[in-house]
Amino acid sequence: VAAHLGKMEHLLEKSIDFAKTRSSFGKKIAVNQAVSHRIVDMKVRLEAARLMTYRAASRLETSKMVGMDAAMAKLFTSEALLQTAIDTIRTMGGSGLMTEYGAERALRDSMAGTIYSGTNDMQRNIIAGWLGLPGALS
């Protein structure tokens, strides 16, 4: 999960730099509200994922419901990274699909993050079990 946070931060910085330097129709794309709002959403997801990860880590020390917190942090952070990778490509447009920018690789890697270390569907089952929902894993 911590590696996902680092990747999200890197993609956020890459998107900010690109938006500040790339021009379209005679102006920097960062002035477009759609672009700036997308980047803001990337920052919000990063900070929310960071807080969930820190909470799970702190509960590990006190052993309070760490299973559910760890599952929620993994689920949220992996999906936040996937969305951040998609938003990076959207911000960069066609350049985001070119290998030299690395955004397309980040998208492939982030998709894998929803599968390894327990799929996100399994994380949902774990969380449902902690919530006492019938049919969930215990």
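The values are calculated or read from the model by the stated rules, or taken from the named source; none is laboratory data. Since we're looking at a predicted model, the values are computed, not measured. Here Cβ is always computed from backbone atoms with ideal geometry, including for glycine, and neighbour counts include all displayed protein chains. SASA here: full protein model, heavy atoms, side chains in, ligands and nucleic acids out. Shrake-Rupley method; radii C 1.70, N 1.55, O 1.52, S 1.80 Å.
Here Ala34 fulfils each of the conditions (1) modelled with pLDDT of 95 or more; (2) closer than 25 Å to Tyr116 by Cβ apart from (2). Looking at Asp17, Asp41, just one residue is open to solvent by 40 Å² or more (accessible area, probe 1.4 Å), more than 16 Å from Ala2 (Cα to Cα) and in contact (Cβ under 8 Å) with a residue 24 or more places away in the chain, and that residue is Asp41.
The set of residues in region 123-138 being surrounded by 14 or more Cβ atoms within 10 Å (Cβ to Cβ), hydrophobic (A, V, I, L, M, F, W, C) and either touching a helix residue (DSSP H, G or I) at 6+ places or on another chain (Cβ under 7 Å) or not in a helix (DSSP H, G or I) (or both) consists of Ile126, Ile127, Trp130, Ala136. Applying the criterion of at least 3 residues that are within 30 Å of Trp130 (Cβ to Cβ) and touching a Gly at 6+ places or on another chain (Cβ under 9 Å) to the helices (runs of 4 or more DSSP H) found wholly in region 1-114 leaves 2-21, 66-92.
Using beta carbons and a limit of 6 Å, which pairs, at least six apart or on different chains, have the first residue in region 64-77 and modelled with pLDDT of 95 or more and the second one not in a helix (DSSP H, G or I)? Listed pairs, sorted by first residue: Ala73/Val1; Lys74/Val1; Thr77/Val1. Only one entry in Lys20, Lys14, Lys7 is farther than 30 Å from Gly118 by Cα and at pLDDT 95 or above, namely Lys20.
Evaluating Ala103 against the criteria (1) more than 11 Å from the chain's Cα centre (by Cα); (2) at pLDDT 95 or above; (3) open to solvent by less than 10 Å² (accessible area, probe 1.4 Å); (4) aliphatic (A, V, I, L, M) leaves one unmet condition, (2).
For region 85-100, a tally of residues being among the hydrophobic types (A, V, I, L, M, F, W, C), touching a Leu at 6+ places or on another chain (Cβ under 8 Å) and open to solvent by less than 30 Å² (accessible area, probe 1.4 Å) returns 2. Among the residues of region 106-122, those that are open to solvent by 80 Å² or more (accessible area, probe 1.4 Å) and charged (D, E, K, R) comprise Arg108, Asp121.
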